[in-house]
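Data first, discussion second: the structure below is written as structure tokens.
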Amino acid sequence: MSARVPPDSGLPFPGLYKMGGKRNLLSRSFSRHFLPLLLLPEATFTQFPLGLTLEGQYIVKNLILIAAAIAVGGTVNSRDTSEEIH
């Protein structure tokens, strides 16, 4: 006799695998694109904190866009599928 495994019991594993990959990609992106603000201030600032070079402007623009996307994404409500209209 073999034990039966429910077919949907393996569903969380591919999702967790993808989330781990996205987190890794995000952390590499963060270190590559945003750390120059902290590690190379002479390359990103002409006068701290508001005098930005072209590279500094690009980095700050990306930070603002990411923060805006997180804010907008946090306000999106998931649709309740229990009250479907037929």
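Annotation: amide H of F45 within the under-5 Å range of T53, sequence separation 5 or more or interchain, hydrogens built in the peptide plane. Considering the stretch 21-75 at the alpha-carbon level, its Rg and Dmax are found to be 12.7, 37 Å.
Laboratory data are not the source of any read-out in this text; all were calculated from the coordinates shown. Quantities reported herein were computed from a predicted structural model and do not represent experimental measurements.
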